[in-house]
Amino acid sequence: MSDKAVTPVVSSGRKVRTETLAVAPEIVGLNLAEPWRRLAAMILDLIIIGFLSLLSGPFLGIVAGVLLVLLLGNGKSAPFFLKIARWGCRITGVLVVLTSVFALGHTSFTHFDRLNMSAIIGPGESPAMKKSVFVPANASFGQLRASTSELQQQVDDLKSVVEAERLASATLIGRARALTGMLGVTFGWAGIYFTLLAGLLNGRTLGKFIFRIRAVKINGTPFTYFDGFIRQGGYVAGVALGMLGFLKLLWEPNRQAVEDRIAATVVVKV
């Protein structure tokens with residue numbers, strides 16, 4: 001019977017790492033933020049988001065493009081596919097910024113002396129839609145002829161409005177406006193705000209900063225823009241669960257709401 005050397009099997013794949021699962025020693029014992037602080041900070045953040053929503057779409061596009069550039073970080077030890085995704089986000093972000101800057105020069109935006117109310121109430125009604133044509137019950141031939149002419153003119157005006165909107169949407173300016181509008185529907189100021197500020201201020205938003213609380217990773221790693229993005233997704237999940245995901249912090253031992261569970265964070269007092 002011959003002895004053969006046993007060659008250990010070495011895997012080149014990713015391995016389980018305890019630092020991504022364990023609670024860092026510096027996190028243990030920190031004072032958790034009270035529910036009233038978190039609620040007050042959220043209310044303040046929502047008020048700020050309400051004011052930001054008064055800005056026209058191109059501003060949202062510019063900030064969204066900047067976020068795409070920053071979202072996946074710049075770590076050199078990232079996996080190959082993450083590096084590809086990172087550069088894809090960066091290129092897309094630059095294109096979104098350039099498109100939004102172009103649209104900004106061809107649309108209205110909020111000034112200190114004038115609010116862009118169309119962002120809230122939508123575009124105004126066309127003059128053709130405001131005009132009404134009345135025909136008397138016992139109208140004479142001349143009255144019927146005049147009313148028919150007015151109706152025909154109204155139809156022609158409406159056709160002109162529809163054609164103008166079609167041509168405007170087909171131009172480069174129209175497509176740029178459509179892009180910024182799409183960003184508002186799919187992500188909006190709330191997503192930008194909670195993602196960008198949390199990454200920029202190390203787990204804080206303006207509301208959290210004022211009430212002296214912040215979100216921290218339970219494994220002690222730095223809070224990144226991507227963590228803010230994941231946490232923002234937790235807010236969406238909390239709303240989808242009928243607010244029960246947020247109420248968990250009232251009885252959960254570490255006061256982790258659904259966004260904390262998803263992003264592996266806790267909110268502590270500073």
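Do we find a residue being at positive phi, small (Gly, Ala, Ser) and modelled with pLDDT under 90 anywhere in segment 184-192?
Within segment 184-192, one or more residues are at positive phi, small (Gly, Ala, Ser) and modelled with pLDDT under 90.
Residue-by-condition table, conditions (1) under 20 Å from the mean Cα position of the chain (by Cα); (2) outside the structural domain of Arg38 (by TED's automatic domain parsing); (3) surrounded by 15 or more Cβ atoms within 10 Å (Cβ to Cβ):
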| position | (1), (2), (3) |
| --- | --- |
| Phe211 | no, no, yes |
| Ala215 | yes, no, yes |
| Gly220 | no, no, no |
| Thr224 | yes, no, yes |
| Asp227 | yes, no, yes |
| Leu244 | no, no, no |
| Leu250 | no, no, no |
| Pro253 | no, no, no |
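Please identify the pairs in which a residue from segment 41-53 that is touching a residue at least 40 places away in the same chain (Cβ under 8 Å) and within 13 Å of Phe209 (Cβ to Cβ) has its Cβ atom under 6 Å from the Cβ atom of a residue that is surrounded by 16 or more Cβ atoms within 10 Å (Cβ to Cβ) and of a type in the set (Gly, Ala, Ser), counting only partners at least 6 apart or on another chain.
Every condition considered, the pairs that remain are Ala41/Gly207; Leu44/Gly207; Asp45/Gly207.
Filter segment 1-52 down to the residues that are among the hydroxyl-bearing types (Ser, Thr, Tyr) and modelled with pLDDT of 80 or more and list them by number.
none
Across segment 235-270, what is the number of residues that are among the acidic types (Asp, Glu) and touching a residue at least 40 places away in the same chain (Cβ under 8 Å)?
Final tally of qualifying residues: 1.
Could you tell me which residue of segment 69-100 is nearest to Gly199 (Cα to Cα), considering only residues that are modelled with pLDDT under 85 and exposed (fewer than 14 other Cβ atoms within 10 Å of the Cβ)?
Applying the filter and picking the extreme gives Gly75.
The values are calculated or read from the model by the stated rules, or taken from the named source; none is laboratory data. Computed from a predicted model, the values in this text were never measured in an experiment. Ideal geometry is used to build each Cβ from the backbone, glycine not excepted, and the neighbour counts take in all protein chains shown.
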